[in-house]
Amino acid sequence: MQDKDKYEYAIIRLVPKVERAEFFNIGVILFSRRKKFLEVKYLVDPQKLQCFSNEIDINAIDKYLKAWTLVCKGAPSGGAIGKLDLPDRFRWLTASRSTMIQSSETHSGLCQDPKKELENLFESYVL
């Protein structure tokens, strides 16, 4: 067990109509302080989105999520949030919000490879 490191993750949800509080999972964000890992993986299924609402522009959602990716990477184009250290970026991305894109509560676990764990979580909760 000593070869495993703690990680935290949250499920990214798309809430097409916030007032209805209905959502579906579109991604996962995973953070490991020890491994210096922060990454998001997402997929928005246009057919599933259409079932919830046909008024939402999938390109706008994709643009929003690409901004999350830039923040995760700490890219200069990630703005002021992208310049924060990894834990602060993770906390900002997983903070409660009342927009169409929200995250679940954070959860934790142990793993050897955070990239592989991100893939496993994505497969379990999104696909």
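The sole residue among 41, 6, 48 that is more than 17 Å from the chain's Cα centre (by Cα) and either within 15 Å of residue 111 (Cβ to Cβ) or part of a strand (DSSP E or B) (or both) is 6. Looking across the stretch 14-33, just one residue is in a strand (DSSP E or B) and touching a Ser or Thr at 6+ places or on another chain (Cβ under 7 Å), and that is 29.
Across the stretch 69-103, the number of residues qualifying as surrounded by 13 or more Cβ atoms within 10 Å (Cβ to Cβ) and either among the acidic types (Asp, Glu) or in contact (Cβ under 8 Å) with a residue 40 or more places away in the chain (or both) comes to 10. Checking the stated criteria, residue 66 turns out to be within 11 Å of the chain's Cα centre (by Cα) and loosely packed, with under 15 Cβ neighbours inside 10 Å.
Every number in this text was worked out from the coordinates using simple rules, so none of it is lab data. In this text the structure is predicted, and so the values were computed from the model without any measurement. All Cβ positions, even for glycine, are placed from backbone atoms using ideal geometry, and neighbour counts span all protein chains on display.
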